[in-house]
Amino acid sequence: DKIYDSLFGPSSYGRVVAQFAHPPANASPALPNSAYVGSYGNDYISDVQIIEQDGKLALQLGPKKMTYALKHWGRDVFLFYPELEVPELPSKLDVSIGVDGKATQLTIQDIVESGGDGVVQRVAPTP
């Protein structure tokens, strides 16, 4: 059906997929994983973790600890793929770094764009 496809089909998300198809040519490397690993939250999303698994970073969300591999995009920007129905659709994670070289805040763009409070503050390092 044309209406469904226009709302939920590839034409509705193709621009985002194309935008993140190739990382920037001059992308700066990420900081060491330890700079990002920790616990984050706010009143809207109380349980967000960046963890290290097999030497790579992953994002865990919610009480069920849904885990998503993080793909480095540029310096403190990562992509993850949370949509099971559309596995090629990335979501952007922006990380703010404090003066101590550690992450202080995460911005989960798809939550922000859908009207939620997708900006979470570091509450503790993850042991």
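Order R122, R75 by their accessible area, 1.4 angstrom probe, all chains in place, largest first.
R75, R122
Distance from a point 7 Å along Cα→Cβ of L31 to each backbone N in the stretch 62-105: keep the residues under 13 Å and list them by number.
Only 75-77, 95-105 pass the distance filter.
Are there trypsin sites (Lys or Arg not before Pro) in the stretch 29-70 that DSSP marks as loop and that have at most 14 other Cβ atoms within 10 Å, and which are they?
Answer in residue order: K64, K65.
For an R0 of 22 angstrom, estimate the FRET efficiency from the Cβ-Cβ distance between K102 and D54 and round to the nearest 0.05.
The calculated FRET efficiency here is 0.50.
Run the accessible area of the stretch 28-127 with a 1.4 Å probe and give the carbon-and-sulfur part as a rounded percent.
Carbon and sulfur together cover 54 percent of it.
The values are calculated or read from the model by the stated rules, or taken from the named source; none is laboratory data. For clarity, every value in this text was computed on a predicted model and none was experimentally measured. When we count neighbours, we look across all protein chains shown, and the Cβ atoms used for this are built from the backbone with ideal geometry, even at glycine. Each accessible area value is taken on the protein alone, full model and side chains, heavy atoms only, with ligands, DNA and RNA left out. Shrake-Rupley method; radii C 1.70, N 1.55, O 1.52, S 1.80 Å.
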